[in-house]
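**Student:** After the structure tokens below, expect a handful of questions from me.
Quick note: the coordinates plus some simple rules give every number you see, no bench work behind them. Please read these numbers as outputs of a predicted model, since none were measured by experiment. Cβ: placed from backbone, ideal geometry, glycine included. Neighbour counts: every protein chain shown.
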Amino acid sequence: MGSFADEDYDELYKVVLIGDSGVGKSNLLSQFSKNEFSHDFKSTIGVDFSNRNIEVDGKIIKAKIWDTAGQERYRGLTSAYYQGTVGALIVYDITRKVTFENVERWLRELREHMEQTIVVMLIGNKADLGHSRAVPTDEAKAFSKRENMFFMETSALEALNVEKAFTELLSQIYRGMNRK
Ligand code: GDP
Ligand code: MG
């Protein structure tokens, strides 16, 4: 995949990352946008979004991906956060069951802010910690199917499926919008 000048694109999509604090949202984003991982939990507080261009069906898609900047810790996210969103990644941690149970809450909050159906991908992150797994893959897969979400397990630490998850989400958004 090539790299592109930042202002040279065919489509611009806003995508949001949501999910409980500590599940790895900021590291998934930095891995996707900068190939970086950080062991420091608070390192990305204050960052609102990151951009990256990818190619889908010969078109350049510019993704503007919003991160919560730590807001998810205290309350739900604001309308401004969700405004203009065309896709979402809802992230949980495969080693912390409660973060999976809370996905329903995040999905509800997302849908309350959306006027139309958007593309949603459920992400089970920290797949490198399989020895402490608390959420079976099958259970998450079945849940995502029921709720009409795409599903993938990732590791931001090992850069496993990170590129694939974002690319799949952006491709699905593009194809959904350009379907005749
Ligand atoms: P956020 O609160 O959802 O943005 O989570 P962060 O991206 O800040 O990550 C929270 C903590 O989990 C940090 O200590 C990260 O280093 C760690 N972390 C994030 N992703 C992974 C992963 O895929 N595997 C492992 N082992 N740790 C991770
Ligand atoms: Mg964060």
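**Student:** Test of understanding: ordering THR95, THR137, THR117 by Cβ neighbours within 10 Å, fewest first, what list do you get?
**Tutor:** THR117, THR137, THR95
**Student:** Roughly speaking, what is the centre-to-centre gap between the stretch 48-93 and the stretch 137-180 when only Cα atoms are used, to the nearest Å?
**Tutor:** Result: 14 Å between the Cα centres.
**Student:** From the helices alone, meaning DSSP H stretches of at least four residues, give me the mean residue ellipticity at 222 nm for the chain, per-run term -39500 (n - 2.57), in deg cm²/dmol to the nearest 500. Numbers along the way, then the final one.
**Tutor:** Details: 6 runs with 56 residues, N = 180.
Roughly -9000 deg cm²/dmol at 222 nm, from the helical runs in the chain.
**Student:** Which of LEU160, ASN148, GLN31 sits closest to the plus end of the dipole of the chain, meaning its Cα is farthest towards the positive end, when Lys and Arg get +1 and Asp and Glu get -1 on the C-beta?
**Tutor:** In the chain, that residue is ASN148.
**Student:** May I ask you to list the aspartates and glutamates whose Cα is less than 12 Å away from that of LYS164, ignoring any residue fewer than eight positions away on the same chain?
**Tutor:** By straight Cα distance, LYS164 reaches GLU153.
**Student:** Let me ask you something else. Can you sort GLU168, GLU139 so the residue with the fewest Cβ neighbours within 10 Å comes first?
**Tutor:** Lowest to highest Cβ neighbour count: GLU139, GLU168.
**Student:** Moving on. Nearest 5 percent is fine: what portion of the DSSP beta bridges confined to the chain is antiparallel?
**Tutor:** The answer is about 30 percent antiparallel.
**Student:** Pick out the long, greasy-scoring helices in the chain: whole DSSP H runs spanning 20 Å or more along their own axis by Cα, mean Kyte-Doolittle at least 0.0.
**Tutor:** Working: long enough: 162-177 (23 Å, 0.04).
Those that pass (Cα extent of 20 Å or more, hydropathy at least 0.0) are 162-177.
**Student:** Let me ask something else about it. With charges set only on the Cβ (+1 for Lys and Arg, -1 for Asp and Glu), what does the dipole of the chain come to about its Cα centre, in debye to the nearest 20?
**Tutor:** With only Lys, Arg, Asp and Glu charged at Cβ, the dipole is about 420 debye.
**Student:** Another one. Percent of Cα-Cα pairs more than 29 Å apart in the chain, please.
**Tutor:** Working: 2339 of 16110 pairs.
Within the chain, distances greater than 29 Å cover 15 percent of Cα pairs.
**Student:** Continuing with the same structure: Compute from the Cα atoms of the stretch 39-135 the Rg and the Dmax, the latter being the longest Cα-Cα distance, and quote both in angstrom.
**Tutor:** Looking at the stretch 39-135, its Cα Rg and Dmax stand at 15.0, 42 Å.
**Student:** Taking H placed 1.01 Å from N in the peptide plane, check which residues at least 5 places from ALA156 or on another chain put their amide H under 5 Å from its amide H.
**Tutor:** The answer is LYS126, ALA127.
**Student:** So, one more: Would you mind classifying the stretch 125-180 by shape? Square roots of the alpha carbon gyration tensor eigenvalues, ordered a ≥ b ≥ c; an a/c under 1.5 is rounded, otherwise it is prolate if a/b is larger than b/c and oblate if not.
**Tutor:** oblate
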